[in-house]
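First up is the structure itself, then whatever we jot down about it.
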Amino acid sequence: MSERVFGAGLKPREDPALLRGERQYTADIALPGTVHMEFLRSEHGHATIRGIDVTEAQAMPGVLRIVTGADLEGHLMPLPCIWVPGGVESHFPPHPYGLPGAGTALATGRVRFIGEPVAAVVAETRAQAADAARAIRVDYEVLPAVITPEQALADGAPQLHDAVPGNLNARWTCGDADGTEAALAEAEVVVKLDLHNRRTINSPLEPRAAVGDYDPLTGEYTLYATTQSPHNHRFLLSALVLGIPFNKLRVVAPEIGGSFGTKGYLYPDMPLVLFLAKELGRPVKWQDSREGLMCSTVQGRDHRQYASIAGTRDGKITALKCTSYANLGAYPSTIGPGVATALMGRSITGTYDIEHAFCEVFATFTNTVPLGAQRGSGRAEATFLIERLVDRFAATIGMDPAEVRRRNMVRPEQQPFDNRMGWLYDSGDYGAALERALEMAGYADREAAKRAARARGKLLGVGISTFVAVCGVGPSPRIAKEGMLGGSWESANIRVHPTGEVTLTIGVTGTGQSHETTFAQIVAQEFGVAVDSVQVLHSDTTKAPYGQGTYGSRSYSVGGPAVQIAARQVTDKMRLAAAHMFGVDDSAVVFRDGSVLVEGDPEKTKTFQDMAMALWYGWDLPPGMEPAIDVTTTFDPADFNYPYGAHIAVVEVDEVTGDVELVRYIAVNDVGPVGNPLVVDGQIEGSIVHGVGQALMEVAQYDQTGALLTANLDRYAIPRAADVPFFELDRMETPTPHNPLGAKGAGEAATVPTAAAVTNAVCDALAEFGVQHIDMPLTAETVWRAMNAATTSRSEAQ
Amino acid sequence: MTDPIPTSVDQKPVATQRPPSGMSLHFNGVRHMIPVDARTTVLDALREHLQLTGTKKGCDHGQCGACTVHINGRRVLACLSLAVAHTDDDIRTIEGVTPSDGALHPVQEAFLACDALQCGFCTPGQIMSAIALLDEIKTEQGPAARLSSDEIRERMSGNICRCGAYPNIVAAVTRAMAGQDGAR
Ligand code: FES
Ligand code: FES
């Protein structure tokens, strides 16, 4: 085979069936005899449950079973939280196994956010279950709610959890507190910035769903669910929630309609459909609604940050300090507390070499939906902070923001670079990415562009954001140090069939990233076989080798190397078997382009298919070699990997209405060597759209009772086709030394700098009004107000 | 005691229902007798009763476009359409526009060529919307009509793609439009 399959932009093999609407998502599953579950959700942000009366509901047509929190005691343990930020005293509601608990499946005694499930109803039809849920009477005693961390930490604030004094889950710190204070005190220039990186909702287009089934003959449960971590959820649900043997639970992730982090968490519906399926002897199906998703699926961001950056007048940044108040919501979600602390705090120095940095995070509980990952989680919040600060610093010393970045970026010869906050960056030329982006954007000509826009009544702004994002979660001992309870390796199984076709089974589960295509490409490249002859299976825990889950952009950069290593074990086995058959020393045999051969001896060559058959029969193998080809490997990376890049947004702000239009977006990214550029570009474009959403329109808003005011897609705006231009992309490909593919995370990296680039652009457009910062989302109203406030205060000052 | 709160399925209370009677609906050229009641939407009739699950439910409130189908050739949100109101209409879904021989509709082909999908959840709705859009412009402006990228963006804005495949969706619709009059 001559052309390279690895690196080719093959069309995803998943696409034709997706285009026909034929692939099965969880909500499409209809097992015979299925009954339907609906939740009654809390209508109060904070209330004591005095009583629940299900009498009327129980008598309604089709109703089979109603359960409340009390019914589950002794049957379901609380959901666990598995990321307890390392190195600090943390407070969590307890789980019986001594772990922190993330709340019970149904509220017991008290509700802590609007949307928290209080009761579950199972009926013959979904409509009957919904009707009956509405007929349940709950006697609440409403308690005062706290919505923001500041409220939660105030003296005398209402308390959410008995185990958590003062609503403070943890005060987490990292970096050099004293050195940073000293550097700030001595600095020529100190610039402060207070900002609110507001709460967002991932809102994948597919709402979550779960189907539970139980086989009384074998005692086995099956869960079909929208999960991006089926193996990990199998472990957590069986051992820590249901208390059943691991091998009595099968978890299957069907097609998943986007996730962006949210579907890696445990949710109450998962154990409940299993518990109820066993009780009722029928499959139980639950489908979330959009409103349910908005008020119960983990939300993202939500840091109030108070930061200072210090440096010299000639542009050298010397210190950075951030105090952040993170809003964890009502309960610790599966990995939420780590997202809000370590993932954010260790990332605040960005692409820069800053000698003194310090970050402290007060992670607090409030009466809001639990916090979790949003595409780019933690790193996007950190990058927004540093990239806004660099722009403010540049404006203060009167230097071009590109030049300030040049003077402070980590240089390639400094790699691997210790950012002094806990990350050891791996490889790459950050400055080169910036220069490339500046060139593509025509940065040098921006003043002319501004004048031209001005003539049309538009204020043009150009915003830069660079980024480096920790990705590819692993190795296991490293995440243990971060306080994450779990392994972070991945695995792959390769079977080569007697006829030479291949089945690859992977531990990772895709949520729309075309895994079946890109992973097949790795195998086809290694074996020199047609990519179509490689079948890829995944996402069924009884069939797939273990995996830890798709999160932190780790599928390809951790799962991919496992595939490559397994493939090389296969070719090596073929080589050794061939050497025996040829009667030569194995050092004389090579595997190349789909054949085993002895260099310079054309007689001694066998194809991949020949060897597959020979190993299948096992007639003539070297002593000790096992017949057949069935190889499973695991891979735990040497360290995280660090994709990076530079993005530039060009916006036009309407000088009358404040409306912001994103007119150009330039993105140079380095995610290491790319296995399928078509797929990677899709991920990058989608990531950018996600960041543009946060910058321009997305925000989850609560009132003081804890009601989510943005619980549907009319109130919570998501970018639509008209909101984004065609993007201008370029790529660099620097391998990470931490895995044999050299691959870095690609699924979310490009979200990380986007909101900062767009906000920097808008602030640049408004510089003449004296606008220094605007909190996202930059809606027309927000921008108009900022423009006018600045104008008013200036004219008052004159 | 407080009022019962709306649950996740926003449907009318059972008391207002007529006794289930069933109705006859015309899906993809075939008549089906379906035991649905008056509050059943076209979307639920498709998904729950006919197992035609290619049409997706993203919001059930007319806000995302995932459920787009054609009713008498026009794009319509199936979640906002009551089945009872369409007993005489020709309802066509993604299953109905997909050729049965394993090939793809030209608009599906264009989406494939332009990599205009990722998770695929919005995709059936995007395809149905795009097919109808091309018909709309043909009717409005004749077979040789061409829309600019901005016009396509505007007219495809009823269909959310949270995966953010918009640039490629716009490219795919442009491609399909160019291929439509045989000029490809
Ligand atoms: S499901 Fe109909 S528009 Fe969203
Ligand atoms: S492809 Fe996932 S929502 Fe469009």
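Bear in mind that the values in this text are calculations on the coordinates, not laboratory data. In this text, all values refer to a predicted model and were calculated from it rather than measured experimentally. We place every Cβ from the backbone using ideal geometry, glycine too, and count neighbours over all the protein chains shown.
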Amide H contacts under 5 Å for A:T226, placed H, 5+ residues apart
A:A209
Stretchable slack from A:E403 to A:K248, in nm (0.36 nm times residue separation minus alpha-carbon distance)
49.8 nm
The FRET efficiency for A:K543 and A:E439, from their Cβ-Cβ distance with R0 = 45 Å and rounded to 0.05, is 0.35
Take the Cα of A:T503, step 7 Å along the line toward its Cβ, and report every residue of segment A:517-561 whose backbone nitrogen sits under 12 Å from that point.
A:535-538, A:543-545
Between the alpha-carbon centers of segment A:80-156 and segment A:640-708, tell me the distance in whole angstrom.
32
³J(HN,Hα) across segment A:33-39 via Karplus (A = 6.51, B = -1.76, C = 1.60, θ = phi - 60°), whole Hz, x for Gly/Pro?
x, 4, 10, 10, 10, 10, 9
If I take R0 = 25 Å and measure r between the Cβ atoms of B:S24 and A:E124 in this structure, what FRET efficiency does the formula 1/(1 + (r/R0)^6) give, to the nearest 0.05?
0.60
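Could you tell me which GluC sites (Glu not before Pro) in segment A:700-776 are loop residues by DSSP with no more than 16 other beta carbons within 10 angstrom of their beta carbon?
Working: sites: A:E728, A:E733, A:E748, A:E768; in loops: A:E733, A:E748.
Those satisfying the criteria are A:E733.
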Phi angles of segment A:559-571, converted by Karplus (6.51 cos²θ - 1.76 cosθ + 1.60, θ = phi - 60°) into ³J(HN,Hα) in whole Hz with x for Gly and Pro, give x, x, x, 4, 5, 5, 5, 4, 4, 5, 5, 5, 5
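Which values, in whole Å and largest first, are the semi-axes of the equivalent ellipsoid of segment A:509-576 obtained as the square root of 5 times each eigenvalue of the Cα gyration tensor? Before the final figure, lay out the partial values.
Details: eigenvalues 92, 35, 27 Å².
Over the Cα atoms of segment A:509-576, the ellipsoid semi-axes are 21, 13, 12 Å.
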As an exercise, use a Förster radius of 51 Å and the Cβ-Cβ distance of A:A239 and A:A448 to find the FRET efficiency, rounded to the nearest 0.05.
0.20
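Using only the alpha carbons of chain B, what is the convex hull's orientation-averaged projected area in square nanometres? It would help to have the intermediate numbers written out before the result.
Working: hull surface 51.0 nm².
It is 12.7 nm².
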GluC sites (Glu not before Pro) lying in DSSP loop within segment A:46-98, provided at most 15 other Cβ fall within 10 Å
A:E73, A:E89
Computed, not fitted: 222 nm per-residue ellipticity of the protein assembly as shown from DSSP H runs ≥ 4 (each -39500 (n - 2.57)), nearest 500, equal to -8000 deg cm²/dmol
Distant-in-sequence amide H partners of A:G7 (H built 1.01 Å from N, under 5 Å):
A:N676
Just to be sure I follow: if Rg is taken over the C-alpha atoms of segment B:106-179 and Rh is the Kirkwood radius over the same atoms, what is Rg/Rh?
0.93
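How big is Rg to Rh over segment A:710-752, alpha-carbon atoms, Rh as the Kirkwood inverse-mean-distance radius?
On the way: Rg = 16.8 Å, Rh = 14.1 Å.
Expressed as Rg/Rh, it is 1.19.
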Which far-off residues, 5 or more places away or on another chain, put their amide H under 5 Å from the one on A:R664, with H placed in the peptide plane?
A:V650
Relative exposure of A:E38, A:E685, A:E124, judged by other C-beta atoms within 10 Å (fewest first):
A:E124, A:E685, A:E38
Would you report the distance distribution of C-alpha pairs in segment A:208-287 as whole percents per 10 angstrom bin, up to the bin with the largest distance?
20, 58, 20, 2
Among A:K458/B:K57; A:K263/A:K744; A:K11/A:K263; A:K278/A:K481; A:K248/A:K573; A:K543/A:K573, which pairs are too far apart, with a Cα-Cα distance over 29 Å?
A:K458/B:K57; A:K278/A:K481; A:K248/A:K573
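Taking Cα pairs under 8 Å and at least six residues apart, what relative contact order does chain A come out at, in percent? List each step's numbers first, then the result.
Numbers: 2063 pairs, mean separation 123.5, N = 798.
Once normalised by length, the contact order is 15 percent.
Pairs of alpha-carbon atoms within less than 8 angstrom and 6+ residues apart define the contacts here; what relative contact order does segment A:675-785 have, in percent? Each step should come with its number before you reach the end.
Details: 100 pairs, mean separation 42.6, N = 111.
So the answer I get is 38 percent.
Among the trypsin sites (Lys or Arg not before Pro) in segment A:693-781, which ones are in a DSSP loop with at most 15 other Cβ atoms within 10 Å of the Cβ? Mind listing them?
On the way: sites: A:R715, A:R720, A:R731, A:K744; in loops: A:R715, A:R720, A:K744.
Hits after loop and neighbour filter: A:R715.
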Can you give the Rg to Rh ratio for segment A:135-207, taking only C-alpha atoms and Rh from Kirkwood?
1.15
Quick one: Karplus J couplings for segment A:62-69, per residue in order, coefficients 6.51, -1.76, 1.60, θ = phi - 60°, nearest Hz, x for Gly and Pro?
x, 6, 10, 6, 10, 10, 10, x
So what are the three principal axis dimensions of the protein assembly as shown from its Cα atoms, in whole Å, longest to shortest?
85, 84, 70
In square nanometres, what is the average projected area of the Cα convex hull of segment B:27-86?
3.8
Restricting the calculation to Cα positions, tell me the Rg (one decimal) and the Dmax (whole number) of segment A:692-798 in Å.
18.8, 63
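How big is D, in µm² s⁻¹, for segment A:534-677 by Stokes-Einstein at 4 °C and 1.567 mPa s if Rh is the Kirkwood radius over C-alpha pairs? Could you put the intermediate results ahead of the total?
On the way: Rh = 19.6 Å.
Result for D is 66 µm²/s.
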